[in-house]
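Novice: My questions all concern the structure below.
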Amino acid sequence: MNINLTLIGQSITFAVFVWFCYAYVWPPLVNALAERKKQISEGLAAAERGQHEQELAEKRAAEHLKEAKGQASEIIAQAQKRASEIVDEAKEDARSEAERIKVGANAEIEQEINRAREHLRQQVAVLAVAGAEKILRKEVNAEAHASALSALAEQL
Amino acid sequence: MSGESQTAGQYIQHHLTNMTYGNMPESAVGKHLCGEEVPAVAHAGWQMAHCGAEAKAMGFMSINVDTMFWSIFLGILFLFLFNKVAKTATSGVPGGMQNFVEMVVEFVDSSVKGTFNGRNPFVAPMALTIFVWVFLINFMDLFPVDWIPAAAGWIGHTFFGMDPHHVYFKVVPSTDPNATFGMALAVFMLTLYYSFKQKGLIGFAGELTLHPFSSKNKVMQLVFIPINFVLEFVALLAKPLSLSLRLYGNMFAGEMIFILIALMYGGGWVVGAFGGFLQLGWAIFHILIITLQAYIFMTLTIVYMDLAYQTSEDH
């Protein structure tokens, strides 16, 4: 436990170690720490910004959605209106078509009746003439009564 | 115990003696300084001391080999590890070792920033060196007291043909006042240097002479100057003295208790087992002490540096 040269040796050793630490150990470590601190604060700021942007995007998306819903309901309303219009139009068309067909059919029936009547009339006339001829052949001259018979046929 | 033939007193003495290499004066030649059974000092000049008395005879011109070896070894270990980390330090995700080193560095850095108000890039690295170095030095105290000295004794006996009882090897440099005084002296020199640099010769002299008593009266002031100087000079010298003695005293006492506990292993199974229990308890408690002493040494160094930088006289 004597005080001796160790005292001075220890002082010098201490000084050398402190110098080495000052020159080679301390600066890179502190720089790395400062650099990391900077990176972390930047990262936090970026995260904050990202969150803010997300909020904005969500708001925008909600707006878009609302708009789209409005448009869709408008389109549906228009489509429904159009559909009822189309149905009405079709009904109208069908009714007029039916009317037209009915009119055509009526006319045809009338025509057919007329034709049948005409045919019948001719047949009746021929028959009457034939009958009268047979009668008259026995009794009278056919030519003498032809005018009276045709007048009769005209009345039918 | 390292030797069965030793008495408890010899055992303790053996553990408290440094391995000393020094310049033996002519006056000691031929004397049996280490007792009659040890050969007398053969010649003057540089040689290893065989015991504490021979080391004492060498006086100032000697060096404690074990203290220097362990302090330099641990200092290089510290600088090697920290330098390795510093070289590969990234600002990205730190690895295990870098994490640990950064933790220490941040702790020291915040201590310095909280206490030291001047501008000096030298203080923080110095605080880091003190903290880690002193901690490592103190940590040697936790190795069982006989391991390393016994290994040194075996090496000395086997390779150098020495008597193992005269191979002294103190493992904890901070139980050697030379080591703690050496560090405190370096710190003291730095504080003196910066005091002169910051305050100038006049300012520093004023700080030493115009406090704590001062008077508007010129005559009274002249009377006060020597009184102030005595008080302040003692206070100035007390700084390095208390700085080194605090560390030395704590570590020496802790080491002493370890040695006393180690003596119990020679007292049979029951006493030995109790000694083992005590050693465990004391070692666990000592972890706190060694860390605390390293921290106190560092903090006081920062405080002294801060005082050296305080130009306004507000104490």
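The values are calculated or read from the model by the stated rules, or taken from the named source; none is laboratory data. Here the structure is a predicted model, which is why all the values come from computation and not from measurement. Quick reminder, even Gly has a Cβ in these numbers, built from the backbone with ideal geometry, and neighbours come from all protein chains shown. For accessibility, only protein heavy atoms count, side chains too; no ligands or nucleic acids. Shrake-Rupley method; radii C 1.70, N 1.55, O 1.52, S 1.80 Å.
Novice: Would you please give the residues with an amide H less than 5 Å from that of B:Met24, counting only those at least 5 places away or on a separate chain, with H modeled from the backbone geometry?
Specialist: Placed amide hydrogens put B:Gly45, B:Trp46, B:Gln47 under 5 Å from B:Met24.
Novice: Using Cα positions and a limit of under 15 Å, work out the aspartates and glutamates in reach of A:Lys66, with same-chain residues fewer than 8 apart set aside.
Specialist: A:Glu58, A:Glu74
Novice: Could you give log10 I(q)/I(0) at q = 0.19, 0.21 Å⁻¹ for region A:36-156, computed by the Debye formula over C-alpha point scatterers of equal weight, without solvent?
Specialist: -1.05, -1.11
Novice: Kirkwood-based Rg over Rh for the protein assembly as shown (C-alpha set), two decimals?
Specialist: On the way: Rg = 59.3 Å, Rh = 31.9 Å.
When Rh is taken as the Kirkwood radius, the ratio is 1.86.
Novice: Each residue of region B:196-201 in turn: what ³J(HN,Hα) in whole Hz from Karplus with 6.51, -1.76, 1.60 and θ = phi - 60°, glycine and Pro shown as x?
Specialist: 5, 5, 7, 9, x, 4
Novice: Once Lys and Arg get +1 and Asp and Glu get -1 on their Cβ, which of B:Gly266, B:Ile284, B:Pro212 lies farthest toward the positive end of the dipole of chain B?
Specialist: It is B:Pro212.
Novice: Per-residue counts of other Cβ atoms within 10 Å, averaged by peptide: what ranking do you get for B:177-188, A:96-107, highest first? Intermediate results must be reported in sequence, preceding the final value.
Specialist: Values: B:177-188: 25.5, A:96-107: 10.0.
Per-residue Cβ counts within 10 Å, averaged per peptide and sorted highest first, yield B:177-188, A:96-107.
Novice: Please compute, for peptide B:89-102, the average count of beta-carbon atoms on other protein chains lying within 10 Å of each residue's beta-carbon.
Specialist: Details: counts 10, 3, 10, 4, 1, 3, 0, 0, 0, 2, 0, 0, 3, 5.
Taking all residues of B:89-102 together, the mean is 3.
Novice: Let me ask you something else. Give the relative contact order (percent, whole number) for region B:173-294; include only Cα pairs under 8 Å separated by 6+ residues. Could you put the intermediate results ahead of the total?
Specialist: Working: 83 pairs, mean separation 35.5, N = 122.
Relative contact order comes out at 29 percent.
Novice: For region B:141-185, state the semi-axes of the equivalent ellipsoid (square roots of 5 times the eigenvalues of the alpha-carbon gyration tensor), sorted largest first and rounded to whole angstrom. Don't jump to the answer; show the numbers that get you there.
Specialist: Details: eigenvalues 128, 32, 8 Å².
Each semi-axis is the square root of five times an eigenvalue, giving 25, 13, 6 Å.
Novice: Buried accessible area for the A:B pair, summed, 1.4 Å probe, in Å² rounded to 100?
Specialist: On the way: alone 14360 and 17440 Å², together 28030 Å².
Summed over both sides, the interface buries about 3800 Å².
Novice: Might you report the magnitude of the Cβ-based charge dipole of chain B about its Cα centre, with Lys and Arg at +1 and Asp and Glu at -1, to the nearest 20 debye? Kindly include the intermediate steps, with their values, before the conclusion.
Specialist: Details: 13 positive and 19 negative charges, 199 e Å.
Using only the charged Cβ atoms, the result is roughly 960 debye.
Novice: Which of the cysteines in the protein assembly as shown are isolated, no other cysteine C-beta under 4.7 Å?
Specialist: For the protein assembly as shown, the answer is A:Cys21, because their Cβ atoms have no other cysteine Cβ under 4.7 Å.
Novice: So how do B:30-38, B:140-148 stack up, highest first, on mean other-Cβ count within 10 Å?
Specialist: Numbers: B:30-38: 12.0, B:140-148: 17.6.
Order by mean packing, descending: B:140-148, B:30-38.
Novice: Could you tell me the relative contact order of region B:64-314? Use alpha-carbon pairs under 8 Å, at least six residues apart, and round to a whole percent.
Specialist: Numbers: 229 pairs, mean separation 71.7, N = 251.
About 29 percent, as a whole number.
Novice: Using Cα atoms only, what is the angle between the long axis of helix A:142-155 and the major principal axis of chain A, expressed in degrees (0 to 90) to the nearest 10?
Specialist: Approximately 30 degrees, to the nearest 10.
Novice: Which three semi-axes in whole Å describe the equivalent ellipsoid of region B:64-314, each the square root of 5 times a Cα gyration tensor eigenvalue, listed largest first? Kindly include the intermediate steps, with their values, before the conclusion.
Specialist: On the way: eigenvalues 334, 126, 57 Å².
For region B:64-314, the semi-axes come out at 41, 25, 17 Å.
Novice: Another question, then. Go through region B:92-107 residue by residue and turn each phi into a ³J(HN,Hα) via Karplus (6.51, -1.76, 1.60, θ = phi - 60°); whole Hz please, and just put x for glycine and proline.
Specialist: x, 6, x, x, x, 5, 5, 4, 4, 4, 5, 4, 4, 4, 5, 4
Novice: Excluding B:Ile289 itself, what net charge comes from residues whose Cβ is under 14 Å from its Cβ, given Lys and Arg +1 and Asp and Glu -1?
Specialist: Values: positive: B:Arg246; negative: B:Asp141, B:Glu255.
Spelling it out: positives minus negatives among the neighbours equals -1.
Novice: Considering only A:Ile76, A:Phe14, A:Asn114, whose Cα is most displaced toward the positive end of the charge dipole of region A:13-156, charges sitting on Cβ of Lys, Arg (+1) and Asp, Glu (-1)?
Specialist: A:Phe14
Novice: Compute the length gained on full extension between A:Gln123 and A:Ala107: take 0.36 nm times their separation in residues and subtract their Cα-Cα distance, giving the result in nm to one decimal. Provide the component values of the computation, followed by the final result.
Specialist: Details: separation 16, 0.36 × 16 = 5.76 nm, distance 2.39 nm.
Full extension of this stretch gives 3.4 nm more.
Novice: Between A:Ile76 and A:Glu92, how many nm apart are label points set 7 Å from Cα along the C-beta direction?
Specialist: In this crude label model, A:Ile76 to A:Glu92 measures out at 2.8 nm.
Novice: Right, here's the next one. Looking at this model, which pairs from B:Lys216/B:Lys239; B:Lys113/B:Lys197; A:Lys69/A:Lys91; B:Lys197/B:Lys218 are more than 23 angstrom apart at the alpha-carbon?
Specialist: B:Lys216/B:Lys239; A:Lys69/A:Lys91; B:Lys197/B:Lys218
Novice: By average Cβ neighbour count within 10 Å, what is the ranking of B:190-201, B:154-165, A:58-69 from highest down? Can you show the working numbers first?
Specialist: Details: B:190-201: 15.7, B:154-165: 13.3, A:58-69: 10.0.
Top to bottom by mean Cβ count within 10 Å: B:190-201, B:154-165, A:58-69.
Novice: Using only Cα atoms and rounding to the nearest 10 degrees, what angle (0 to 90) does helix A:26-138 make with the longest principal axis of chain A?
Specialist: On a 0 to 90 degree scale, this one is about 0.
Novice: Assuming 1.306 mPa s and 10 °C, estimate D for region B:17-145 with Stokes-Einstein, Rh taken as the Kirkwood radius over Cα pairs, in µm²/s.
Specialist: After rounding, the answer is 87 µm²/s.
Novice: Can you check what the net charge comes to around B:His14, using other residues whose Cβ is under 11 Å from the Cβ of B:His14 (Lys, Arg +1; Asp, Glu -1)? Please report the intermediate quantities before stating the final value.
Specialist: Details: positive: B:Lys170; negative: B:Asp146.
For residues surrounding B:His14, the net value is 0.
Novice: Based only on Cα atoms, what Rg/Rh ratio does region B:89-141 have, Rh being taken as Kirkwood's radius? Intermediate results must be reported in sequence, preceding the final value.
Specialist: Numbers: Rg = 12.8 Å, Rh = 12.3 Å.
Here Rg/Rh amounts to 1.04.
Novice: Also, quick follow-up: Would you mind working out the accessible area per residue for chain A, using a 1.4 Å probe, and quoting it in Å²? Show your work: numbers first, answer last.
Specialist: Numbers: 12360 Å² over 156 residues.
For chain A, the solvent-accessible area averages 79 Å² per residue.
Novice: Could I ask something else about it? With angles folded into 0 to 90 degrees, how steeply does helix B:147-160 sit against the dominant principal axis of chain B? Use alpha carbons for both and round to 10.
Specialist: Long axis of B:147-160 versus the principal axis of chain B: about 60 degrees.
Novice: In whole Å and largest first, what semi-axes does the C-alpha gyration tensor of region A:1-103 yield when each eigenvalue is scaled by 5 and square-rooted? Don't jump to the answer; show the numbers that get you there.
Specialist: Numbers: eigenvalues 1846, 19, 12 Å².
Equivalent ellipsoid of region A:1-103: 96, 10, 8 Å, largest first.
Novice: Right, next: In the neighborhood of B:Gly95, defined by Cβ-to-Cβ distances under 14 Å, what is the net charge if each Lys or Arg adds +1 and each Asp or Glu adds -1?
Specialist: Net charge around B:Gly95: +2.
Novice: Can you tell me how much longer the chain between B:Ile257 and B:Asn217 gets when fully stretched, taken as 0.36 nm per residue apart minus their C-alpha distance, in nm with one decimal?
Specialist: Numbers: separation 40, 0.36 × 40 = 14.40 nm, distance 5.62 nm.
Contour length minus Cα-Cα distance gives 8.8 nm.
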